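Laboratory data are not the source of any read-out in this text; all were calculated from the coordinates shown. These numbers come from a predicted model, not from an experiment. Because the Cβ atoms are built from the backbone with ideal geometry, glycine has one as well, and the counts that use them run over all protein chains shown.
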Amino acid sequence: MPLVAFGELMTEAARGHYAVGYFESWNLESLMAVADAAEATHSPVLLGFSGIYLPHPERVVREPLSAYAAMGLEICRSLSVPSALVFNESPHLEPVLEAIDLGFGLVMFSDENLDLTSQTSRVAQVVKAAHRQRVAVEGEVAALPGIGGGLAEAVEEEMHLTDLDSARDFLDQTGVDALAVNVGQVHLHGRREVGLDLAHLEALNRALPVPLVLHGATSVRRQDLVEAIQLGVCKINVGSLLKQVYLQALRRACAAVEEPSSNPYEVVGSGLAADVLIPGRLAVQHAVEELMVLFGSAGK
């Protein structure tokens, strides 16, 4: 199936009262795990990569964004279900602009260190460049707490629920195609569950004219995710959970390797039953399948 425009995915999700999951990948096997889950459940899907870590200045080894774009676009085109490719939530402007040129279907710039005026100006710049090439842009008024991974507990002062008036102004000044909102979720990376302010979400959905997005779904109570979808959320981001299940499966597989008698050709990268990478890939696929059912996108 050809790549589908992000806006089309969101329109169908709103019409069908389900959410399309963005399941963040980090390499070929995680990307294929998400793709396999989409095929297995007959679900539309958003594939993509972290705009924080791919261009991170402290990355030990550098990898070209073009290689990830080519890999992601090829897998999207091979699917029989609707899909689009995402360059997610980057505080680095140049890679976001590069992602537009490389053919990503949705990009997002967000820098928690900028004030709202500067953030709005940068996002408007991204929107102008993206819309020239028919690429969609997601925005947010403020990043969720804990985006860097260090937050262990959320406190009331850190929640920063999306303000309705600020959101309206942000939409007017930027023209983004989707808005990530904070209605109680926070990046706790699964350390603890949080509930959503569903009444606030309902008010945002009634007043704002673009699809709403939830980030940080790993730590959100699952029943709240279901209710959020019925209140208008069309896209849900999941990242930490996938890396957690991958790491757990990989640890178990590595612990079972018998050294020195094992064959390294079979144990790493063979794709055979002894390959320690296979349990990780399958664990990610199964986790994504469960979430596609939860989000209501399975079979759509």
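Structure data summary
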item	result
The chain, helix-only ellipticity at 222 nm - DSSP H runs n ≥ 4, -39,500 (n - 2.57), divided by all residues, nearest 500	-14000 deg cm²/dmol
Distant-in-sequence amide H partners of ALA178 (H built 1.01 Å from N, under 5 Å)	VAL137, GLY139
Candidate aspartates and glutamates - alpha carbon under 15 Å from LYS128, same-chain residues fewer than 8 apart omitted	GLU94, GLU98, ASP101, GLU138, ASP172, ASP177
FRET efficiency estimate (nearest 0.05) - Cβ-Cβ, SER66 to ALA40, R0 35 angstrom	0.75
Electrostatic dipole magnitude of the chain [Cβ: Lys, Arg +1; Asp, Glu -1; Cα centre; debye, to 20]	560
Segment GLU74-ARG59, length gained on full extension (0.36 nm per residue, minus Cα span)	2.9 nm
Hits among aspartates and glutamates - C-alpha to C-alpha of LYS243 under 14 Å, sequence gap 8 or more where chains match	GLU24, GLU29
For the stretch 74-85, Karplus couplings with θ = phi - 60° (6.51, -1.76, 1.60), whole Hz, Gly/Pro x	4, 5, 4, 5, 7, 6, 9, 10, x, 8, 8, 10
Segments 37-47, 246-256 sorted - mean Cβ within 10 Å per residue, highest first	37-47, 246-256
Sites matching trypsin sites (Lys or Arg not before Pro) across the stretch 1-72 that sit in DSSP coil, with at most 12 neighbouring C-beta atoms within 10 Å	ARG59, ARG62
Stretchable slack from ASN27 to LEU198, in nm (0.36 nm times residue separation minus alpha-carbon distance)	58.1 nm
Aspartates and glutamates whose Cα lies under 20 Å from that of LYS300, excluding same-chain neighbours fewer than 8 positions away	GLU8, GLU12, ASP36, GLU39, GLU227, GLU289, GLU290
Rounded to 10°, Cα long-axis angle of helix 93-102 versus longest principal axis of the chain	70
